[in-house]
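Reading through the structure tokens given below for one structure.
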Amino acid sequence: MGERHALAEGLRAYGLIAGMWVRSSMTYRTSFVVTVFGNLVVTALDFVAILLMFSQVDSLGGWSLPEVAFLYGLSATAFGIADLVLGSMDVLGGRIRDGSFDTLLVRPAPVLAQVGADHFALRRLGRITQGAVVLGYALVSVDVDWSAPKVLLVPVMVVSGAAIFSALFVAGAAFQIFAQDAAEVQNAFTYGGTTLLQYPPTVFGKDLVRGVTFMLPLAFVNWVSAAYVLGRPYPIGLPSWAAFMSPLVAAACCALAGLAWRAGLRSYRSTGS
Amino acid sequence: MGSGRLYLAVAAGGFRRYATYRAATAAGVFTNTVFGVILVYTYLALWDEKPHLGGYDQAQAVTYVWLGQCLYATLAIQGGGAEKDLMERIRTGEIAVDLYRPADLQLWWLAGDMGRALFQMLGRGVIPFAFGAIFFPMALPTAPSAWAACLVALLLAMVVSFAIRYLAALSVFWLMDGMGVNQALMITGIFFSGMVLPLNAFPGVFGDIVLVLPWAAQIQMPADVLMGETDPLGAFAFQAAWAVVLLAAGRLLQSAATRRVVVQGG
Amino acid sequence: MDDTFIELDGVEKVFDVRKKTGFLKRERRQVRAVDSISFTVARGEMVGYIGPNGAGKSTTIKMLTGILTPSGGRLRVAGIDPSRERTRLAHRIGVVFGQRTTLWWDLPLIDSYKLMHRMYRIPDARYRENLDRLVELLDLGVLLDVPVRQLSLGQRMRGDIAAALLHDPEVLYLDEPTIGLDVISKAKVREFLRELNTERGTTVLLTTHDLQDIEQLCSRVMVIDHGRLMYDGPLVGLHEVGESERTLVVDLERELPPIEAAPARVVKVEGPRQWLAFPAAESAAVLVARIAAEYPLVDLSVREPDIEAVIAKMYAEQAEKAANAGNAGKAIS
């Protein structure tokens, strides 16, 4: 069976399993409502922290509040989508430890789809909602001469960003096959990454910016393209076409994450962990 | 005094239990270090724009960040300490067994949580803090007395942190589900402890209010004591006062809960 | 046998085990969980796979289902290499992990079945027919709308077995299907498996600790220990090979001198009660008849040999043989 067929099968299995988890969570209605609300508040606090900072200053690293909100909205929305789709992959380590990972391997569906849909939770829509609201605020208040490429870049950034974060989640899952107890390392890259990208690149040391541009290309979630949209120089001087590279970078990240996942799965099947 | 030894053993048990998760501890150290680096840069930018914000200079702001990362797991700022187990025991009814133990329920759980906190501080907190001290300019005191005072403030912070979470856990006796309470713990913990921004940098009246809430005893007080920004005795008094009030409230709630269990025939 | 369904030829599974030996030192050691195992199972057979904990039972099952990749040897199930074509094989096998339910905890039982229906793309008519049959045979009717978390252990096991069979697998693997079940639940499960095997011809391979599972279900038993196949044949033969003995407990009317009834021998006397050991292959009925004719009997019971003891005995003998062979080899050279 071809790759294409496998993808269709994977999406189908994902849909089936995610549906079961949604139904499961609905059996505890109050808990569901409480967690949806709580999730919204927790993520909102993220932005409140930035608002608090701007209650004391007019700019951060030379960027105004609407500009920082633009970064924040892009990063939070992209991360929110990845988090909704693959955010529960940190339960994989536990599944391997208690042996229930084996039960996924005897099903006629791609394992990655089954692991991705594991513990699917609609409460994670909270983060997307909150990110989108901030992005909306940024779009109406930011001072930009909107041209066609700039307008186009906004949805491109959200989708590519979501893909880059998804690749991180998958790579993190592959890592858990080797180190089941170290699931938290993943948080440093996923949650750490989205936190980092909520602030202007000018805030951080040049080496750190270089690292997240060339080594772990988080900067292509929003920094690089947003700098172009806002007409601000990127601190480490990239050519302007770099702003349009995020889809390619995202595709490369996904391919690498896919390879990592395959390596992880192969190692599980040959060691039994 | 035999019972003192009992609680010491319980605390040692709490310490050992967390010490067995080595890979998880290493992962936590890494994550706290990464978050520390990100926060340090944002704080430096903030203090660049507004020097002496909240009375801190840049080195003090950096010190605050790393102390916060050191105490993040220690004080279970987002929850996940003894209260998690306690909630589970209440939910499943196993708590009835604990009530028959010839030990005080609150002290028992306090001892276990102190053991856990001590391990989290040594195993998970010290390394990020040392990392910060090596790679960033920090405002660390040279006088041993300042470190000793900070240690006292840390112990009191642990007690206050436990007292808050104990109250939250007992609410499960009435709610029968810890989900919402955990969310509330997480939200208040992150925000009012000063995890996102030092409380003295909060604006206006809001800033005045958060500084007198119990969560101020957790990171703000130990930080101020360490950096000589406040009178240690005043800080201890503030922390101790909240500890007493919250522990007393915990006892009150505990006896109400116990009566409930007895009435239910648990 | 032409109708070979499962085929193993010199299958091995080697694990790398790392052990901490010092502060930073780690020792790498290779463990042979499965050491060159060969056997075939014909379509429609019902085979018991037994052995002590850590003998390599579940490793074998995991290789047969495609969860683990063998380190060496050749393995085929229905002509398919499990580890290479895991998903294709998945449509043709059913797996029940005794202590791990695959049912959805918070949802009614029927919801788990509906998921299987769609995930395995079972044609509607076939699904309904299979579901009806399984519900009837496994007595699940009143349980379909009950959330799985409210089911008892036995009910859940029956529910899991049904879930594994909805897609008409040609072989069913069961890992400890009766563990922790009460007597009635055990009987129900066994009766169902017998019927599944005889009526529908489903090949069944089960691992168990319970010798009664084997006695009541399997015509053939395989014993594995330390990753090696120690025995493959009928259960009776296992007793012969292991030279195992059954015990006859006889209650006499009064205290008497030890009963004489060769080949049985008295191993213990306690007042009017006597314990007699006799080869497991001997008929108990003949022995009992002889004793009853000569002695005043009040009551008697037969105790089956302990499977672990049989295996231990077999293992000791093999080791002895190997040692002898080694000595013989030396003597010749």
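Each value in this text was obtained by applying a stated rule to the coordinates, not by laboratory testing. Just so we're clear, the structure is a prediction, and the values are computed from it rather than from any experiment. Neighbour counts run over all protein chains shown; Cβ positions are idealised from the backbone, glycine included.
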Seminar exercise, completed: Once amide hydrogens are built 1.01 Å from N within the peptide plane, the residues lying 5 or more places from residue C:219 or on another chain with amide H under 5 Å from its amide H are C:46
For this session: Wrap a convex hull around the Cα atoms of region B:115-266, take a quarter of its surface area, and give that in square nanometres.
Result: 10.8 nm²
Seminar exercise, completed: Cα extents of region C:245-304 along the principal axes, largest first, in whole Å, come to 30, 21, 18
For this session: May I ask what percent, to the nearest 5, of DSSP beta bridges between residues of region C:4-239 are antiparallel?
Result: 60 percent
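Could you compute the net charge surrounding residue B:16? Neighbours are other residues with a C-beta less than 13 Å from the C-beta of residue B:16; K and R count +1, D and E count -1.
Working: positive: B:17, B:22, B:116; negative: none.
With Lys, Arg at +1 and Asp, Glu at -1, the net is +3.
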For this session: Could you state the angle between the C-alpha long axis of helix A:29-56 and the longest principal axis of the C-alpha atoms of chain A, as a value from 0 to 90 degrees rounded to the nearest 10?
Result: 30 degrees
Seminar exercise, completed: Toy charge model, Lys and Arg Cβ at +1, Asp and Glu Cβ at -1: region A:72-181 dipole around Cα centroid in debye, rounded to 20, equals 180 debye
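Could you tell me the relative contact order of region C:245-304? Use alpha-carbon pairs under 8 Å, at least six residues apart, and round to a whole percent. Intermediate values should be presented prior to the final figure.
Details: 101 pairs, mean separation 29.4, N = 60.
Computed over region C:245-304, the figure is 49 percent.
Let me have the 222 nm mean residue ellipticity of chain A computed from DSSP H runs of 4+ only, each contributing -39500 (n - 2.57), with the sum over all residues rounded to the nearest 500. If you can, show how the numbers build up before the last one.
Values: 12 runs with 193 residues, N = 273.
Calculated at 222 nm, the ellipticity per residue is -23500 deg cm²/dmol.
One-quarter of the Cα convex hull surface for region C:209-272, in nm²? All intermediate terms of the calculation are to be shown ahead of the outcome.
On the way: hull surface 25.5 nm².
For region C:209-272, averaging the hull's shadow over all directions gives 6.4 nm².
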For this session: Pick out, from A:162, A:204, A:175, the residue whose Cα sits farthest towards the positive end of the charge dipole of chain A, with +1 on the Cβ of Lys and Arg and -1 on the Cβ of Asp and Glu.
Result: A:175
Exercise. Rg and Dmax of the protein assembly as shown over Cα atoms: what are they, in angstrom?
Worked result: 33.2, 113
Exercise. Along each of its three principal axes, how wide is the spread of alpha-carbon positions in region C:4-239, in whole angstrom units, largest first?
Worked result: 56, 47, 35
Exercise. With Cβ to Cβ distances under 14 Å as the rule, what net charge do the other residues near residue B:174 carry (K, R +1; D, E -1)?
Worked result: +2
For this session: Mind telling me which of C:114, C:62, C:268 comes out most flexible in a GNM of chain C, alpha-carbon contacts under 10 Å?
Result: C:268
Exercise. Which far-off residues, 5 or more places away or on another chain, put their amide H under 5 Å from the one on residue B:57, with H placed in the peptide plane?
Worked result: none
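If the viscosity is 1.306 mPa s and the temperature 10 °C, what Stokes-Einstein diffusion coefficient in µm²/s follows for region B:1-139 when Rh is the Kirkwood radius over Cα pairs?
Working: Rh = 16.9 Å.
So the translational diffusion coefficient is about 94 µm²/s.
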For this session: Give the dimensionless ratio obtained when the Cα radius of gyration of region B:126-204 is divided by 2.2 N^0.38 Å.
Result: 1.46
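Please state, as a whole number in µm²/s, the translational diffusion coefficient that the Stokes-Einstein equation yields for region A:3-271 at 10 °C and 1.306 mPa s, with Rh defined as the Kirkwood radius across alpha carbon pairs. Show your work: numbers first, answer last.
Details: Rh = 19.5 Å.
Answer, rounded: 82 µm²/s.
I need the calculated FRET efficiency for the pair residue C:299 and residue B:96, taking r as the beta carbon distance and R₀ as 45 Å, to the nearest 0.05.
Numbers: r = 45 Å, r/R0 = 1.01.
Rounded to the nearest 0.05, the efficiency is 0.50.
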Exercise. What residue among C:57, C:186, C:313 has the largest mean-square fluctuation in a Gaussian network model of chain C, using Cα springs under 10 Å?
Worked result: C:313
For this session: Of the DSSP beta bridges with both residues in the protein assembly as shown, give the percent that are antiparallel, rounding to the nearest 5.
Result: 70 percent
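Over all directions, the average projected area of the alpha-carbon convex hull for region B:48-121 comes to how many nm²? Can you show the working numbers first?
Details: hull surface 27.2 nm².
Spelled out: convex hull of the Cα atoms, projected over all directions, averaged, 6.8 nm².
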Exercise. Cα axis of helix A:184-197 to longest principal axis of chain A: angle in degrees, 0 to 90, nearest 10?
Worked result: 20 degrees
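Of the cross-linked pairs B:84/C:57; C:62/C:114; C:62/C:313; B:84/C:62, which ones have a Cα-Cα span greater than 30 Å in the structure shown? If you can, show how the numbers build up before the last one.
Values: B:84/C:57 38 Å; C:62/C:114 26 Å; C:62/C:313 28 Å; B:84/C:62 36 Å.
Check vs 30 Å cut-off fails for B:84/C:57; B:84/C:62.
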For this session: Do me a favour and compute the ellipsoid semi-axes for chain B from its Cα gyration tensor, root of five times each eigenvalue, largest one first, whole Å.
Result: 33, 19, 17
Seminar exercise, completed: Other residues with Cβ under 14 Å from the Cβ of residue B:88 give, with Lys and Arg +1 and Asp and Glu -1, a net charge of -1
Problem set entry | Residue of C:184, C:224, C:161 that the Gaussian network model of chain C assigns the largest fluctuation, springs spanning Cα pairs under 10 Å | C:184
Seminar exercise, completed: Here the tail fraction of P(r) beyond 19 Å, over all Cα-Cα pairs of region A:122-273, rounds in percent to 58 percent
Seminar exercise, completed: Tilt, helix C:307-332 to longest principal axis of chain C (alpha-carbon atoms), in degrees rounded to tens, equals 80 degrees
Seminar exercise, completed: In order over region C:119-129: 3J(HN,Hα) from phi, Karplus 6.51/-1.76/1.60, θ = phi - 60°, whole Hz, x for each Gly or Pro, gives 5, 8, 6, 7, x, 3, 4, 5, 4, 4, 4
Exercise. Could you give the nm distance between label points at residue B:148 and residue B:255, where each point is 7 Å from its Cα heading toward the beta carbon?
Worked result: 3.8 nm
For this session: Can you tell me the dipole magnitude for region B:2-264 around its Cα centre, using point charges on the Cβ only (Lys, Arg +1; Asp, Glu -1), in Debye to the nearest 20?
Result: 920 debye
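With charges only on Cβ, +1 for K and R and -1 for D and E, what is the dipole size of region C:4-239 about its Cα centre, in debye, rounded to 20? Display every interim value, and only then the final one.
Numbers: 35 positive and 31 negative charges, 252 e Å.
For region C:4-239, the charge dipole is close to 1200 debye.
Once whole DSSP H runs in chain B are found, which of them have Cα atoms spread over 27 Å or more along the helix axis and a mean Kyte-Doolittle score of at least -1.0? Don't jump to the answer; show the numbers that get you there.
Values: long enough: B:22-49 (41 Å, 0.90); B:144-170 (39 Å, 1.91); B:232-264 (47 Å, 1.00).
In chain B, the long hydrophobic H runs are B:22-49, B:144-170, B:232-264.
At 10 °C and 1.306 mPa s, what whole-number value in µm²/s does Stokes-Einstein give for the translational diffusion of region C:124-258, with Rh from the Kirkwood sum over Cα pairs?
Numbers: Rh = 17.5 Å.
Roughly 91 µm²/s, to the nearest whole number.
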Exercise. Measuring from label point to label point, each 7 Å out along Cα→Cβ, what is the residue C:84 to residue B:19 span in nm?
Worked result: 5.1 nm
